[in-house]
1. Please build a GNM for the chain, connecting alpha carbons under 10 Å apart, and tell me which residue among Ala201, Ala126, Ala234 fluctuates the most.
2. Mean-square fluctuation check for the chain, GNM, Cα pairs under 10 Å: which of Tyr318, Tyr307, Tyr219 is largest?
3. Might you tell me the accessible area per residue for the chain, computed with a 1.4 Å probe and given in Å²?
4. How many times 2.2 N^0.38 Å is the alpha carbon radius of gyration of the range 186-298?
5. Sum up the charges of everything whose Cβ sits under 9 Å from the Cβ of Pro349, counting Lys and Arg as +1 and Asp and Glu as -1, but leave Pro349 out.
6. Order these peptides, 40-46, 107-113, by their mean beta-carbon neighbour count within 10 angstrom, highest first.
7. Under a point-charge model restricted to the Cβ atoms of Lys and Arg (+1) and Asp and Glu (-1), what is the dipole moment magnitude of the chain relative to its Cα centre, in debye to the nearest 20?
8. With the dipole of the chain worked out from charges on the C-beta (+1 for Lys and Arg, -1 for Asp and Glu) around the Cα centre, which of Leu263, Leu71, Met228 lies farthest toward the positive end?
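The values are calculated or read from the model by the stated rules, or taken from the named source; none is laboratory data. Since this is a predicted model, take the numbers as computed values, not measurements. When we count neighbours, we look across all protein chains shown, and the Cβ atoms used for this are built from the backbone with ideal geometry, even at glycine. We work out accessible area using only protein heavy atoms, side chains counted, and drop any ligands, DNA or RNA first. Shrake-Rupley method; radii C 1.70, N 1.55, O 1.52, S 1.80 Å.
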Amino acid sequence: MAAGGAPIPAAQPVIGEEEIEAAVRVLRSGRVVQGPEVAAFEEEFGELVDGRHCVAVNSGTSALQLTLLALGVGPGDQVIVPSFSFAASANAVRLVGAEPVFADIEPGSYGLDPDAVAAEIGPRTAAIMPVHLYGHPADMDRLQPLADKHQLAVVEDACQAHGATQNGRQVGAFGAAGAFSFYPTKNMHSLEGGMVSTADAALARTLRLLRNQGMEQRYANEIVGANMRMTDVAAAVGRVQLTKLAGWTEQRRQNAKVLDAGLTAVETPPVAEGVGHVYHQYTVRYAGDRDAFMAALTERGIGNAVYYPTPIHELKPYREPVGGKPVRAWDLPETARAAREVFSLPVHPSLTAEQLDRIVTGVNEVGEGR
Ligand SMILES: *Cc1c(COP(=O)(O)O)cnc(C)c1O
């Protein structure tokens, strides 16, 4: 009984005429890999990270992985990460040979709980990786001083949080480095792509070497590096998207306001004092039969999805012993509850007023058992 209109997608990546023209312009130019477009994108992205150095790479996962490598995090080291995130956060830790240590989250922000992090800091801790999940910053005003006290590097996973702020400060401008993703469903994209932000010029240089076989001058390799370069086609698309990001974020916030005001059947997402949420996802909680609730929404043409149904520590590669070491029995109650209760509703900037109205009405009706 899909009441009126086509299904409303959960996400709606934009590839508009401007993006297409930018890509074609680069293809015709012949300068297609890590050329002038990448340099310009890095310069312009600085506006999102308090003017920090920016280093473009080929994905958000690469951004995290290269940052850990550049910081010298590797075998024998531990990195404290949330288990309630996309697997890429912990994968980056494992890819450099380090060990993820999972700490629980705060139920409102879904970010790392500073007290839980403090309890996990030990002699092998090398870094803390807060994830700004759904576009809501983790509590950096508590996590950063905690890291400073123990002389630990903070690597912000800002892959879902372009432009989010806590007390006026932009994510990606708190820690030693921040990692952003430009995958098509993120708040802005470059088809595929990623960016590292850092205030440390030496770290930025190491990142530039690592992404390009360890070379600054061609064939004068200084260190062992990978190929994680961004293409100029990607950078050109990203530059177009960057000019639209502020408007899209404003639209996401307006959409969230409508949902906040209208939804009665589910717990709407709280925003912590002093936080500028960018609503990568509009994520609600429902303590009842979530699967049935979501199926009824799908039936009505209302897009919905769970990010993430399985905590990382319960995924296969994280349930298996590494190097013969038995896997810890993680006790993460808020992570478990979030994985059980959350689901996300459409909040993307392409939504119309009529679609928002259908979402509110549909969710409330399903909640009331109608
Ligand atoms: C998308 C995402 C990543 C990885 O970004 P890719 O560009 O897909 O590699 C990492 N962490 C989080 C939290 C993400 O949402």
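1. Highest fluctuation among the options: Ala201.
2. Checking each option, the largest mean-square fluctuation is seen for Tyr219.
3. Values: 15450 Å² over 370 residues.
Dividing the accessible area of the chain by its residue count gives 42 Å².
4. With N residues counted in the range 186-298, Rg over 2.2 N^0.38 Å equals 1.58.
5. Here the count lands on +1.
6. Highest mean packing first, the order is 107-113, 40-46.
7. On the way: 31 positive and 43 negative charges, 158 e Å.
Rounded to the nearest 20 debye, it is 760 debye.
8. Met228
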